[in-house]
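I have placed the structure first, in the form of structure tokens, so that the comments after it can refer back to it.
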Amino acid sequence: MSIRVYALHRVEPISRQGDPGRGLAAPVHDPLWGLARQRHFGELAGEDTGSPIQVSVRMRVDRLDGWRPVDTDDVLPYDPDRDVLEAVVAGESAAPAPGLRDRVDAGRRLAALLPAATVSDLRDSAPIEVGPDAPRLLARAAARYPDGIQVAAAYDGVAGDSDDAVGTALGTTAARASQARPVLDEYAAWVRTTFGTGPATWMPERLERRFELSTGGHVVLTAPAHTRDTVDALDLDLTEAAHELQAWPTPTAGEWHRRIPSRLSFPGMPNNRFWEFEDAQIALHRIDAATHDLARLALVEFSATYGNDWFTFPIPAEHGTVATVPEVLVRDTFGEHELVHVANDPTWSMFVPSGPASAPHLLVAPVTVSRLAGQVVEEVRFVRDENANLVWGLEAVVTDAAGVTHDVIGEYAASAAPVPELPVDAELLYRLMTDVPKHWVPFIPAHLDEDREGLEHVEQERRAVGLVQALLPRPDTWGIPVLTAPRSSVLAELRQKVLCEEEVGPAGVTVRRRWYLARSADGGRHVWCARSVATGRGEGNSGLAFDVALDVRGT
């Protein structure tokens, strides 16, 4: 029997000198070997081209100055320096109608701006109504301040009239009304902005927001399906009117910018020097990409193959502007000039908004920086229940008229009705209909109306299906079936609407509302309440069943 033995020898270099400098220098004594290395790495492959040393860019900058909700004609003013775009297009009140807390806060703000005598008159003419279930702290505060929202509404109706008319509407004297006019003008504008009395952009049927932005009288950007609580370039598309921005007065019109280009650099890119190692923190060869993962494959190919072929240069552009760049003039080291036109490929584009207007437009969106978000004041989850063949609107968080936020799910779990006592020998428990929590609001399928857009020539059997909010009788404390209305504003708005069935997928949809605080470019402070839509947590099970006998022998 033969046995194979492996002998391993470790080979280590032994330096005759203590200075390793000569070895690190890696001197080459054979010039032919150096030429071979240069040819191997492509250093001798001349392309007969020069490197860019100067870039001239002709551009036109149009500043956004207006906005409007979709399906309206009136364009409202907008200033990127003074306004916060999210507050303008998405701001709304925290409830279907301002609650007790909102009225107290508005009254406290108004009382700090006016003399005590005027505040006393307004408190007598516009008191804050307090219900029996209101918190005691809010009830005591309501007795000290006037109803600020009611005062603003009354002033809006007579703002252009005489001082006598203003004093009569507000329950004060003409002299005090004249003195309070400048304060009331700014205060009424603050109420309209904070409590969402402006045009609505929310589409209840689609659970999304739609609005448009304009510049110079041309509506150039549209948000066809905005669901986030921020507005960025990826949320906006170009419109047909964007072609108007390419109408130059003369062929040489526009502002020219001359810059010195520099090579594009990014972490992990291949270095130009042979003896220099790349950044060890990024290993492109460790990226695991399948054949269908086009994004990762494109990233690796760009980084390893084409990364050193790109140059970058800065151009000035303010926030809230649309820049049009029709051409770029490049000068190389040989003194030649190359006019680079826009790569107008309708099948592929990058860094430009989508839309039918294939124009060289770059959008610098007025993004809000360092925004603060409050706690969720309302949360509604739309879930599919395959067992009951229904869609449910589950109210998780609601805010009452007093401004108090309630965790509906937690309150229901704490106050759930106890299981009724059964006879000892009971085996089955008959139920005509099982109980469903009050915060589960059902939606039933229904064919859309014939006069709905796009359904005029569709057969009845193949017509689109919508979801209609229904009422489910539930037993009260005495066991009597009663009908309860939804407590959230999201579901209250859908009472007379038809929710599009395709908006609620198998994973469900979650709509949240919360307060935000941010500062505009001029330092002004803006507070608004907005909605955001996110993917749900999957299907739900309400336990709804009819004419069932429950086995209680194991309970």
List, please: which pairs have Cβ atoms under 6 Å, are six or more places apart or on different chains, and start with a residue in segment 490-508 that is touching a residue at least 12 places away in the same chain (Cβ under 8 Å) and end with one that is hydroxyl-bearing (Ser, Thr, Tyr)? Ala507/Thr535
Given (1) outside the structural domain of Ala241 (by TED's automatic domain parsing); (2) out of contact with any Asp or Glu (no Cβ under 7 Å at 6 or more places or on another chain), where does Ala177 come up short, assuming only one miss? (2)
Identity of the residue in segment 332-355, in contact with an Asp or Glu (Cβ under 8 Å, 6 or more places away or on another chain) and surrounded by 14 or more Cβ atoms within 10 Å (Cβ to Cβ), that ends up farthest from Ala233 (Cα to Cα): Asp332
For Met269, the lone unmet condition from (1) assigned by TED's automatic domain parsing to the domain that holds Val88; (2) within 27 Å of Leu362 (Cβ to Cβ); (3) in contact with a Ser or Thr (Cβ under 9 Å, 6 or more places away or on another chain); (4) assigned to a loop (DSSP other than H, G, I, E, B) is (1)
So Val330 clears everything in (1) touching a His at 6+ places or on another chain (Cβ under 9 Å); (2) under 25 Å from Met269 (Cα atoms); (3) part of a loop (DSSP other than H, G, I, E, B) except one condition, right? Which one? (3)
Which numbered condition in (1) in a loop (DSSP other than H, G, I, E, B); (2) exposed (fewer than 15 other Cβ atoms within 10 Å of the Cβ); (3) modelled with pLDDT under 75 is the only one that Leu455 fails? (2)
Six or more apart or on different chains, Cβ atoms under 8 Å: show the pairs whose first residue is in segment 405-429 and assigned by TED's automatic domain parsing to the domain that holds Glu379 and among the small types (Gly, Ala, Ser) and whose second is modelled with pLDDT of 70 or more and surrounded by 11 or more Cβ atoms within 10 Å (Cβ to Cβ). Ala417/Asp435
Can you spot a residue in segment 136-155 that is of a type in the set (Asp, Glu) and either assigned to a helix (DSSP H, G or I) or exposed (fewer than 14 other Cβ atoms within 10 Å of the Cβ) (or both)? no
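The values are calculated or read from the model by the stated rules, or taken from the named source; none is laboratory data. In this text the structure is predicted, and so the values were computed from the model without any measurement. Using ideal geometry, Cβ is built from the backbone for each residue, glycine included, and neighbour counts are taken over all protein chains shown.
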